[in-house]
Amino acid sequence: MKPVLISPTIDLIDSWIEFIQECDEKNISGFWDYPDRSENWKDYVKLEATRRTINRESLVSSSTFWLVNDGEILAATSIRHRLNEKLKKFGGHIGYYVKPSQWKNGYGTKILELALLEARNLGIRKTLITCSDDNIASAKIIEKNGGVLEKKEIYNGKLYRYYWIGLSS
Ligand SMILES: CC(C)(COP(=O)(O)OP(=O)(O)OC[C@H]1O[C@@H](n2cnc3c(N)ncnc32)[C@H](O)[C@@H]1OP(=O)(O)O)[C@@H](O)C(=O)NCCC(=O)NCCS
């Protein structure tokens, strides 16, 4: 089967919990770790699925998608609909995470490829993607998807790479 990108659904909640647990074990925190994250998974999924309509003070609207194959969530992505000052420094338009037990299977490259199509559908014409300078895998993923390195800059004491990918209409 081919992995597909879908919006969060309660049907895959067990797989999502497994995904988060694997990330927790590796001390990886992601876009799902916002302070008011509900421990009620039904509400959580509803929130993720409808987050595009939510505009909180410090957050811009965003869409979450899961890369799924045969009922297993392999990777997750958050697409921010616009940049605010913080995202310009850290995070950019698109963030992605692969389930640790599925690393090095090409899913990081795949989810960014599919996320870029979604970003284009959202009307984004130029995407900023950032990664820490020592995240070789992420830099490779961005470059394989056409990322052009604009600069390297220190944010919060850490060196980051800033890539742009143009999306044709
Ligand atoms: C970074 C991350 C997304 C990579 O996902 P992945 O599914 O393993 O990536 P892919 O399998 O598509 O691999 C992409 C490339 O990186 C290489 N790679 C993967 N892991 C690597 C590692 N630990 N060290 C060096 N290279 C690595 C792969 O070999 C591949 O290289 P190739 O194109 O030359 O064959 C994943 O490790 C992850 O989710 N990390 C935590 C969150 C994170 O860092 N997200 C990115 C935020 S910017």
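None of the figures in this text is laboratory data; all of them are computed from the coordinates on show. Note that the structure is a prediction, hence the values are computed from the model and not measured. Don't worry about glycine lacking a Cβ; one is built from the backbone with ideal geometry, like all the others, and counts go over all protein chains shown.
Using Cα centres only, tell me the gap between the stretch 93-125 and the stretch 137-169 in whole Å.
Value for the Cα centre distance between the two parts: 14 Å.
Report, ordered by chain and residue number, the lysines lying within cross-link reach of residue 26, taken as a straight Cα distance under 24 Å and ignoring same-chain residues fewer than 8 apart.
Result set, ordered by chain and number: 99, 104, 110, 140, 158.
Where Lys and Arg each count +1 and Asp and Glu each count -1, what net charge lies around residue 155 among other residues with Cβ under 15 Å from its Cβ?
Numbers: positive: 86, 88, 89, 151, 152, 158, 161; negative: 85, 133, 134, 150, 153.
Taking every Cβ under 15 Å from that of residue 155, the sum is +2.
Can you give me the relative contact order of the chain as a percent, contacts being Cα pairs under 8 Å and 6 or more apart?
Details: 268 pairs, mean separation 30.8, N = 169.
Once divided by the residue count of the chain, the mean separation gives 18 percent.
At 0.36 nm per residue, and after removing the present C-alpha to C-alpha distance, how many nm does the segment from residue 43 to residue 168 gain when stretched out fully? All intermediate terms of the calculation are to be shown ahead of the outcome.
Numbers: separation 125, 0.36 × 125 = 45.00 nm, distance 3.56 nm.
Result: 41.4 nm gained on full extension.
Compute the Cα gyration tensor for the chain, then decide on rounded, prolate or oblate, letting a ≥ b ≥ c be the square roots of its eigenvalues: rounded whenever a/c is under 1.5, prolate when a/b is larger than b/c in the other cases, and oblate in all that remain.
On the way: a/c = 1.40, a/b = 1.28, b/c = 1.09.
Rounded, since a/c falls under 1.5.
Taking 0.36 nm per residue of sequence separation and subtracting the Cα-Cα distance, how much length would be gained by fully extending the chain between residue 83 and residue 156, in nm to one decimal? Present the calculation step by step, with values, prior to reporting the outcome.
Numbers: separation 73, 0.36 × 73 = 26.28 nm, distance 1.84 nm.
Extending this stretch completely gives an extra 24.4 nm.
Full extension from residue 101 to residue 134: what is 0.36 nm times the residue separation minus their Cα-Cα distance, to one decimal in nm?
On the way: separation 33, 0.36 × 33 = 11.88 nm, distance 2.08 nm.
Between residue 101 and residue 134, full extension yields an extra 9.8 nm.
Taking only DSSP H segments of four or more residues, each worth -39500 (n - 2.57), what value at 222 nm results for the chain once the sum is divided by all its residues, to the nearest 500 deg cm²/dmol?
Numbers: 5 runs with 52 residues, N = 169.
One gets -9000 deg cm²/dmol as the mean residue ellipticity at 222 nm.
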